[in-house]
Structures are given as C-alpha cells and as structure tokens.
Amino acid sequence: MTVLAAPGVLAVSSVSNILIELGAVLLVLAICGRFAARVGLPSIPLYLLAGLLLGEGSPVALEASSEFIRIGADLGVVLLLLLLGLEYTPEELSHGIRTNWLAGLVDFVASFTPGFLGGLLLGWDPVACVLLGGITYITSSGIVAKLLSDLDRLGNRETSTVLSLLVMEDIVMAVFLPVAAVLIVGASVVEASLSVLLALVVVAVALFVSLRHGARVSRVLDSTSPELLLLTVLGTTFLAAGLADKAKVSAAVGAFLIGVMLSGQIAERGRVLLSPIRDVFGGLFFIFFGLQIDPSDLPPVAVPAIALAIVTSASKVGTGWWAAKRAGVGPKGRRRAAAALIPRGEFSIVIAGIGTAAGLERDLGPVAACYVLLLAVGGSLAVRYTQ
Amino acid sequence: MELFETPLPGVGVRYEFTSAAGDRVGVIVRRDARRELLLYDEADPDACRDNVSLTGEEAATMVELLGGTKITERIADLRHEVEGLSIEWVTLESGRGLAGRTIGDGRIRTETGSSVVAVIRGEQSIPGPGPDFRLEAGDVALVVGSIEGVQKALRLLTT
C-alpha cells in the first residue's frame, strides 16, 4: 500500500511507481474482463466498478499514474469513436439516414425526454439535463453488437432494424456532442445557435466528402505494412480530433468522421490493428471515469437512477417494438428487438465524462455510473433471455 | 428465385430466399470474408433455427461442393453447343510436363490442334497466353480443342 500511496515523499513520481500503478490497473481490468467473459456479461460495467472501488475514498490511491490515466482516458474516447466510425461506410450512413430517419426521431424523443425531464426534476442546471437526456438516449452499440453476434442473432430479421436504429443513434451523437460542447461553454443563445449550425454543417460536409472522395483518400492512406498503417491512421485521427476540438466540434466527433471516411482495405486492416489498442485505452477511460466518483455518492442517487433506468427501458422497449412492427417482423422478433435496445454503455459514459470534466453538476457522474451499471448488466440479461 | 438483400450496417449484407421446397435460407456476407449460412425457423419466421459460421476458405469449399461456379456451368453449356468440342482444366505439376517451359516449347497447337486459351496463376487470370508464355508449377491451364486433341495436349502439359 505504501508503495502506491506515498504523498509528499517524492515530488516527482518515479518511473517505477508509474509502472507499478499502471500494471496493477491493467491487471485489474484484465481480471474484470475474464470474469465478465466467464459470466457472459459485458466488461464495461465491471471496469466501472473497478474504477469506483479504486477511486476517491478507497484505501488505495493512484498518485503516480493519474496523469497518464487521464491522458489515456482522452485517447480512449478518441479511439472508441474512431473504431465506431470504421465500422460503418459512408454509404451505410447515408442510406441509414434516408430510410430510418423517422425511427431515429422517435427513438430520440422517446428516450432523450425522460432523461432531460429527470434532470429538471432533480433541480439540475438545464445543460446538465441535456447531457442526462443524451445519457439515457443512446444505446450501447458495442454491447448490443457483441451480444447479437454471440447469440447468433445476426441473421434474424429484427436485427437489421436494431442495427439501423443504432446507426441513426450514432449519427445523432455526431451532432449532439458538438452541441453539448457548445452549451457547456455557456455561450449566448445566438452564439450557441451558430455553433450548432456550424456543427451540423461540418458533419454534413464531412459525410458528403466521404461519399465522394472517401475511397480515394482510403487508397492513398492505405499500406500493407502494419507499422505504417498504424502511424498513418493514428496520426490522422489524433490530428483531426484535435483540430475538431479547437473548432468546437468535439474531438470525439472528429475521430468518428475520420473513421467513417476510411473504407475498404484500410478500414478492414485498421479495425484489426486498432481494436486491441482501443481496448486498452478504452479500459483506461472507463476506469478513469469510475476513479473520479466517490462510491459514497452513489446511494443518494440510487433511486433517481433506478427510476430513470425503468422509464427509459420502457421507452426503448416501445421504440424497438414499434420499429420492428413497422419493418414487418412478427411478435417474437419484436420482443427481441425491443430488448436489444435496452443496454447502455460506452457512449453514455463518454457523455457523462464530458459533463464531469466541465464540472457541471456534482451528481451527474454518480447518476450516470449507477444508470449504466444497471442497464449494461440488466440490458444484457434482457437480451440474452428474450427468445 | 427472388433474392432479398438487406444491409446490416457494421456487419455486412444479408441475402435470403425461399427454396422451391419451402425452406427459407439466407447467407450473411460479412465484411471480413466470413460467411454465415442461415436456416430460418418455420415456427418463428424472423429467427434462425440454425446458423453455420464459415471462414472464407470453408465458404469457397461449400461453393465447390454445391455445384461449382457459374463459369464451369457456362463451359458445360458451351460443350453442348459444339459437337466434339472439349474444354478441360489441368493443373501443372512441378518438374513434369511443361512446368517451367513456354507454351511454344510444347508445340501444343502444331502437335495437337488444341489451344491453351487461359492460365490461372493463384489469384490472377491470364486470358489468351501467347507461345512465349512460361508455364509454372501450380498454374491451371484451360485447354480447348477436339476431344482427342485436348487429351494429347493434357498429356503434353503434365507428363
């Protein structure tokens, strides 16, 4: 214990302390991951729990490595969004917008509103309420995609409905994140509206450019050498994310748009090479978020979190049922589609992380942690046991 | 046979059709070259009774077992059209026949009257190789000619 928490003894953290703490953190993540795989649950809630237990108010203090973990968490978000963008081609996105915009709209209204109203009821600042709305709105593509694949449901008819809704959500997020960033900065109404407009324009232009020139750019950047590919893609992504952040369009969205633009061979190879890196830094991101929350802050917010979880599970079930029915899927398929939208995960934590970093509302982190813990686990079980 | 195509964003494309016998069958063409064979349930038409996950290589084997590619079919049709026409594939083996030598060396045209009209080398297809084309072990040659001519050419190529 004294090795890990040595306040005041060393002004500059020695390499050995950093290494020991980091090694311990990563091993904790590994143990959580193994347990999760054994039990058949997603690993995100366990990473969060680990962060909660290791964070403020715990006997073990991570001093030396905290800076690295913080930066690692930022990189984790960028990589999460890059890999998400690499999943999709520009054609899939534009096709998704054109055919599913109504379902996407219903999904947004049904599941954003409870979060927003919930925040208002708790007496939160309106901007924090907007973030809470985003947290309750977005389903975890990562958890759901893995579940559907593990349960061999990719061939099911209702799966294409679910995946289309997830695509719409990711597109909405690409606009939501810059809007949230602008609102947090606290600009005037005019400035905020202009920034929202700018964000919409940037996303639309990026999609358009990807459709037209994405293939060419992908060919230019592609390389058979893994080393060159990694350097090129990571360099481009970080640069774009940083510039996007400067332009108030949010680093995460910049990374997402780069991922969308890259298609074909470079996307395939990139996904294979970058997934492990994303997993490491993504793990750091979830632990970092948990580290910032004092576990004793959780019980007071348990009731609102549970209430939100129940209401927004119902809203997702309703949305999934309706969307599947509209697509001509039978009753059993509709049930499966409804359950598949319940899990929340990485994206909700990303939004909560933005709010926590801005220091908006004390309870935002705890509510989000509670909420995601409940629905990552509860949602996964719901999907698994809905035949 | 009506083939339905549904994009699965982030995964690939799903194709499905109903067989003449009434079974609903599908294939997911995943982006990473894997394929999934789907057999839909009669009781729950949206769910799959069973699915088989195949690697790219396994899928290619299935294709061969299920009756070969369209090219082979078309060649078979061609054989019906021209009486006495023979079209054969042959794989060259190392150190035997014309492996390592040019088509001209083998004097296939002069000796047998049939022609090597295409060579498949790995992933590459070379149509209309000239007499200076050097054959290598592992090449698959497509020989066209009369029945006896093709038989003679095959012997020249492989022994």
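Values quoted throughout were computed directly from the atomic coordinates according to the rules given, and no laboratory measurement underlies them. None of these values were measured; they are calculated from a predicted model. Note that we place each Cβ from the backbone using ideal geometry, even for glycine, and neighbour counts take in every protein chain shown.
What is the angle, in °, between the Cα long axis of helix B:56-65 and the longest principal axis of the Cα atoms in chain B? Nearest 10 is fine, range 0 to 90.
Rounded to the nearest ten degrees, it is 70.
Kindly identify the protein assembly as shown as rounded, prolate or oblate by the Cα gyration tensor criterion: order the square roots of the eigenvalues as a ≥ b ≥ c, call it rounded if a/c is under 1.5, otherwise compare a/b with b/c, prolate if a/b is larger, else oblate.
Prolate, because a/c is 1.5 or more and a/b exceeds b/c.
Based on DSSP H runs of at least 4 residues, each adding -39500 (n - 2.57), what is the mean residue ellipticity at 222 nm of chain A after dividing by all its residues, to the nearest 500 deg cm²/dmol?
Value at 222 nm, helices only: -27500 deg cm²/dmol.
Under 15 Å from the Cβ of A:V220, count the other residues' Cβ atoms, weight Lys and Arg +1, Asp and Glu -1, and hand me the total.
My count for the surroundings of A:V220 gives +3.
Scale the Cα Rg of the stretch B:4-65 by the rule-of-thumb value 2.2 N^0.38 Å and send over the ratio, two decimals.
Ratio of Rg to 2.2 N^0.38 Å for the stretch B:4-65: 1.12.
Grab the protein assembly as shown and count how many Lys pairs have their alpha-carbon atoms under 29 Å apart, sequence gap of 8 or more, or different chains.
Total qualifying Lys-Lys pairs in the protein assembly as shown comes to 6.
As I understand it, the value is the acute angle between the Cα axis of helix B:70-81 and the longest principal axis of the Cα atoms of chain B; what does it come to in degrees, rounded to 10?
For B:70-81 against chain B, the angle is about 60 degrees.
So what is the 222 nm mean residue ellipticity for chain B from helices alone, if each DSSP H run of at least 4 adds -39500 (n - 2.57) and you divide by all residues, rounding to the nearest 500 deg cm²/dmol?
-7500 deg cm²/dmol
Enter the Cα centre distance for the pair the stretch A:86-119 and the stretch A:307-325, rounded to the nearest angstrom.
Spelled out, the Cα-based centre of one part sits 14 Å from the other.
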